[in-house]
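Structure first, then comments.
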Amino acid sequence: MVLETVQPLAAIATTPSAVNRLRALWETGLATLWVPSDWSDWSEVTAPGSLYRYSGSLRDALAARWAQYRGFVFCLATGAVVRLIAPLLHHKATDPAVVVVDGAGQFVISLCGGHQGGADSLARAVALQLGATPILTGAANQLGLPGIDVLGTPFGWQQGSGDWTGVSAAVARQDPVQVIQEAGSTLWQDHLPPDHRLQFGFPDSPPDTSPAAAKARLWISPIQRRFAPESDLPKAQWHPRVLWVGIGCERGTSRQLIEAAVQQACRSAHLAEAAIAGVATLDLKADEAGLLELCRDRGWPLRCFPATVLRSIPVPTPSEIVAAEVGTPSVAEAAAVLAATSNPQKPSTSMLRVPKQIVRQLDQPGAVTVAIAQAEREYTGRQGQLWLVGIGPGQLTQITPAAQTAITQADAVIGYGLYVELIRPLLRPGQIVEALPITQERQRAERAIDLATWGLTVAVISSGDCGIYGMAGLVFELLQAHDWNGEKPAVEVFPGITALQAAAARVGAPLMHDFCAISLSDLLTPWEVIERRLVAAAQADFVTALYNPRSQTRTQQIAIAQQIFLQHRAADTPVAIVKSAYRPDEQITLTTLADFLDTPIDMLTLVLIGNQSTRRFANHLITPRGYLGKEVR
Ligand code: SAH
């Protein structure tokens, strides 16, 4: 679902015209509409689930429900909103997203919670829905940078200690800021604006005292660094969740003891607990109460492996006693390494950050063995999403607001280079944008599936409609081949205006009677099949749209198609040749079945062949449906 990070979302209106202004939000189920309960003549809002009628003052209603929502959209004077929310704000790390829409619906202001609350992103989305201008006043936006305090959010990184305000302020002043990344995805680095002032450094480089020396430092690391409070260089740290904690324990070991053992293991290697991805153990421990309780409370996934698998992992500290007891010489080390490895065929002990430690405490029952391994790729802890988005024929205004919202909200946007250029104005700072050549559909789909399975929200863009000779079918087919369960990653399809609709709209109303689409590309479909369909369409008198009519190497198919249609339709049947509909180099030619090969036709062209009743009138093609009586056959 789009805008998931600000759900539940409230859309607050105090006048009927404000309700209409926010209609796109509550009608689509994105927000609960708040209206005063004393509107007695109010009968228009019919979706009861998404309506909240507050009684008394809005101030009291807000105070009572503030904590239940993660986003608020007000259609109210900014001053009034500031006064209403001021007493409710605590800290930018926990405050919700607050956005204000002006009464005329021209502007959408990201008022509060811009970065971590998600208000900037919400303001962009609401602005797209309303056709308004988003107003984002955070410094990072103007610089085209992701906010320093949200750049790890797509990858599930945890914000660690430090002077986040100081580091963000240095970025805003455009001071050089040193970034030392020791772990986690570097994808965010690939899409920074060319004039950014981040300096990518190494932990052990000598101190730099030149004028360009960094004025702040950001660490991205599983290490828990302690920053001296008196330092005048602001520092902060992100922790990618790369650590897998392997645990073996006696039956009945308490949650407290397991937690203490994990803490001790982290401390011994200066590792941050926030960098823990999850816990791994032997399958016999899948019902160990203390372990389950700890994992539940800390939001750690628990991965369990059978002894037969664990025993194949080479470890530094095997134990014969353990082997005799449970059938593998190592539980903690082997499970940690196995959970951390991306290639189970080649587990490597070099991943082990903390070799096995055994922890007991006098006052606690049981004993725990802990080891920690570091994965190459972080665990995001997020449910990935794949959005298959149709971007229409090639003009921003021809993309549905829902598809536009999906594109701006996605963590990553993947598509053929030309289409990425078409939607570039919708992209936002910090987004991962991957443009791949036209021939690499399969690689594009595989990449999108990989990122979404990992936890990212990925928009795959296709021209026109993504499910009509587009990427949607391929993505679904590949997902199925990857043992997809139909839910993870979640898939949503956003329709777009397909080429045949776009071309038809440019020439009038040629699709008013039954029609069909046939692609002349025989790369994936045998030519006999295409030819059979051409014959059937021609015989059945369908208005016919020919996609992929001719490429540089594939030139004969369109001539054969013409011959087939000439056998069943008159030579003067109207034909439209529409090249690059809705793009700057659009060319439209109205011609006939006999002559249409005189017009240049290429891979950016759609050929539209009328049926026996289609006629030309001035610069238009009209296929009568029969309203006036005699025309339809
Ligand atoms: N998914 C796309 C179709 C992709 S197949 C859609 O729904 O429109 C590519 C073919 O679509 C091209 O060879 C051309 O025949 C047609 N096409 C796509 N965009 C077009 C446009 N803007 N104008 C004319 N034809 C177009």
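Look at (1) exposed (fewer than 14 other Cβ atoms within 10 Å of the Cβ); (2) modelled with pLDDT of 95 or more; (3) of a type in the set (A, V, I, L, M) and you find that LEU291 fails only one, number (1). Quick one: in segment 618-633, of everything that is exposed (fewer than 14 other Cβ atoms within 10 Å of the Cβ) and under 28 Å from LEU520 (Cβ atoms), which residue is modelled with the highest pLDDT? Filtering segment 618-633 for residues that are exposed (fewer than 14 other Cβ atoms within 10 Å of the Cβ) and under 28 Å from LEU520 (Cβ atoms), the one modelled with the highest pLDDT comes out as ASN619.
Inside segment 363-401, residues that are not in a loop (DSSP other than H, G, I, E, B) and not aliphatic (A, V, I, L, M) make up a count of 9. Return the total of residues in segment 45-73 being assigned to a helix (DSSP H, G or I), at pLDDT 90 or above and within 28 Å of the chain's Cα centre (by Cα). Residues that pass the stated criteria total 3. Just name the residue that is modelled with the highest pLDDT out of those in segment 364-394 that are crowded, with 24+ Cβ neighbours inside 10 Å and on the phi > 0 side of the Ramachandran plot. Out of the qualifying residues, it is GLY392. Would you confirm whether or not segment 321-343 contains a residue that is over 18 Å from ALA275 (Cα atoms), of a type in the set (Ser, Thr, Tyr) and not in a loop (DSSP other than H, G, I, E, B)? No, segment 321-343 contains no residue that is over 18 Å from ALA275 (Cα atoms), of a type in the set (Ser, Thr, Tyr) and not in a loop (DSSP other than H, G, I, E, B). Hey, SER580 hits all of (1) without any contact (Cβ under 8 Å) to a residue 12 or more places away in the chain; (2) on the phi > 0 side of the Ramachandran plot but one; which does it fall short on? Only one criterion is unmet by SER580, namely (1). Just one residue in the set ALA502, ALA517 is modelled with pLDDT of 95 or more and either surrounded by fewer than 20 Cβ atoms within 10 Å (Cβ to Cβ) or over 30 Å from the mean Cα position of the chain (by Cα) (or both); that residue is ALA517. Quick check on my filter: what residues within segment 8-18 are surrounded by fewer than 21 Cβ atoms within 10 Å (Cβ to Cβ), closer than 14 Å to PRO36 by Cβ and not hydroxyl-bearing (Ser, Thr, Tyr)? Those that are surrounded by fewer than 21 Cβ atoms within 10 Å (Cβ to Cβ), closer than 14 Å to PRO36 by Cβ and not hydroxyl-bearing (Ser, Thr, Tyr): PRO16, ALA18. No other residue among THR457, THR498 is in contact (Cβ under 8 Å) with a residue 40 or more places away in the chain, within 12 Å of the ligand (Cβ to nearest atom) and among the β-branched types (Val, Ile, Thr) apart from THR498.
Among the residues making up segment 475-487, a single one is charged (D, E, K, R) and closer than 22 Å to ALA402 by Cα: GLU487.
With respect to the stated conditions, ALA125 is small (Gly, Ala, Ser), under 29 Å from TYR379 (Cβ atoms) and not in a strand (DSSP E or B). Scanning segment 131-148 for residues that are surrounded by 22 or more Cβ atoms within 10 Å (Cβ to Cβ) and modelled with pLDDT of 90 or more, we see that the one that is farthest from ALA93 (Cα to Cα) is PRO134.
For segment 222-257, residues that are on the phi > 0 side of the Ramachandran plot and of a type in the set (Ser, Thr, Tyr) total 0. The single condition among (1) more than 16 Å from the ligand (Cβ to nearest atom); (2) over 25 Å from ASN619 (Cβ atoms); (3) exposed (fewer than 14 other Cβ atoms within 10 Å of the Cβ) that LEU523 does not satisfy is (1). Only a single item in (1) surrounded by 17 or more Cβ atoms within 10 Å (Cβ to Cβ); (2) closer than 20 Å to THR498 by Cβ is not met by PHE596, and it is number (2). Any residue at all in segment 460-477 that's over 23 Å from LEU422 (Cα atoms) and either away from the ligand (no atom under 16 Å from the Cβ) or not β-branched (Val, Ile, Thr) (or both)? Checking segment 460-477: at least one residue is over 23 Å from LEU422 (Cα atoms) and either away from the ligand (no atom under 16 Å from the Cβ) or not β-branched (Val, Ile, Thr) (or both). Only a single criterion out of (1) of a type in the set (S, T, N, Q); (2) in contact (Cβ under 8 Å) with a residue 60 or more places away in the chain; (3) closer than 30 Å to GLN189 by Cα is not satisfied by GLN364, namely (3). In the condition set (1) surrounded by 13 or more Cβ atoms within 10 Å (Cβ to Cβ); (2) within 16 Å of the ligand (Cβ to nearest atom); (3) not small (Gly, Ala, Ser), THR614 is compliant with all but (2). Select from segment 537-553 the residues that are in contact with a strand residue (DSSP E or B) (Cβ under 9 Å, 6 or more places away or on another chain) and either among the small types (Gly, Ala, Ser) or outside the structural domain of SER613 (by TED's automatic domain parsing) (or both) and list them in ascending order. ALA537, ALA538, ALA540, ALA545 - these are the residues of segment 537-553 that are in contact with a strand residue (DSSP E or B) (Cβ under 9 Å, 6 or more places away or on another chain) and either among the small types (Gly, Ala, Ser) or outside the structural domain of SER613 (by TED's automatic domain parsing) (or both).
Take the conditions (1) touching a Ser or Thr at 6+ places or on another chain (Cβ under 6 Å); (2) farther than 30 Å from LEU451 by Cα; GLN264 misses just one of them, which is (1). Beta carbons closer than 8 Å, at least 6 apart along the sequence or on distinct chains, pair a first residue in segment 469-490 that is in contact (Cβ under 8 Å) with a residue 40 or more places away in the chain with a second that is of a type in the set (D, E, K, R) and away from the ligand (no atom under 13 Å from the Cβ) for MET471/ARG444.
The values are calculated or read from the model by the stated rules, or taken from the named source; none is laboratory data. Computed from a predicted structure; not experimentally measured. Glycine gets a Cβ as well: all are built from the backbone with ideal geometry, and neighbour counts include every protein chain shown.
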